[in-house]
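Participant: Have a look at this one.
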Amino acid sequence: MIRISFARALALCAALMLAGCGSSPAPRLYTLAAESLQVGVGAASPTVVIGPVSLPETVDRLQIVRRIDGTRAEQADGHRWAGALKSEVARRLAASVAREGGLARVVAAPQHSIARPDITVPVDVLRFDAEGFSSVTLDAAWSARRDGREVASGRFSRSEPVAAAHYEALVAAHGRLVDALAADIAGALR
C-alpha cells in the first residue's frame, strides 16, 4: 500500500488543476482588411477621409457577436476581430471606396495623413448583425461633406447570406457587405 502525505496529495491535486486551466487555445483573430489596392486615377482626384464610423454597442467589441434568436446573442470568445470593429470597417470602406471610385487618396479616420481632405464621409452603422451562421445584415446612413456642407448622402440596408457554418464564412459575409456599402458611397462621389 502506498501512503501519500496529505500535503503531497494536496500539491498533486493543485498541480493537476493548474495544468487543466493552462491549456485553453488562443483565440482566432479575423480582419476585414481589403485585398491589395490597384487604383488608376486621373490628376484631379479629390482627397477623401472615410469616418468616423459609429457602431451599435452590441457589436462594437473584439469578440464576434452572433444573434441566436430574437432576444439572445452570443459572443464568441475564441473568435475575435483583430482590432476594433469600427476601425476594421473604416479601413475596409476606405480601400473599397478608393478602388470603386478610382480615387488615389482615400484614408480611414482617425488617420491624419490628409490634413485638409476635400471630402469627409462619416458613417453611422445602425445595424451590423450576424443571424447565427445564416446571414449578416448591414444597415447604415452616411453623408459626404465638402467644406462642412453635405454634398451627398445615402441609406444602405442589405443582408448577405453566409456560405457555410463557420467563422471564416461569417467574416467574409461581413466584408462583402462593407464592399457593397463602399460601392454606394463611391457611386455618389463620382
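Here, each number is a calculation from the coordinates, and none is a lab measurement. Note that the structure is a prediction, hence the values are computed from the model and not measured. All Cβ positions, glycine included, derive from the backbone under ideal geometry; neighbour counts span all protein chains shown.
Participant: Report the semi-axes of the equivalent ellipsoid for segment 27-189 in whole Å, largest first, where each axis is √(5λ) for an eigenvalue λ of the Cα gyration tensor.
Facilitator: 29, 15, 14
Participant: Now for a separate question. Can you give me the distance in nm between label points at Ile68 and Ala141, each placed 7 Å from the Cα along the Cα-to-Cβ direction?
Facilitator: Placing both labels 7 Å beyond Cα along the Cβ direction yields 3.3 nm.
Participant: Starting from the Cα-Cα distance between Arg105 and Ala44, subtract it from 0.36 nm times their residue separation and give me the gain in nm to one decimal.
Facilitator: Contour length minus Cα-Cα distance gives 20.9 nm.
Participant: Between Ser159 and Ser24, what is the label-to-label distance in nm when each label sits 7 Å out along the Cα-to-Cβ direction?
Facilitator: With each label point 7 Å from Cα toward Cβ, the separation is 3.3 nm.
Participant: Amide H neighbours of Ile64 under 5 Å, at least 5 residues apart or on other chains, H built in the peptide plane: list them.
Facilitator: Under 5 Å from the amide H of Ile64 lie the amide H atoms of Ala76, His79, Arg80, Trp81, each far enough along the sequence or on another chain.
Participant: Another question, if that's okay. Report, in whole Å, the centroid distance computed from the Cα atoms of segment 83-116 and segment 154-176.
Facilitator: 20 Å
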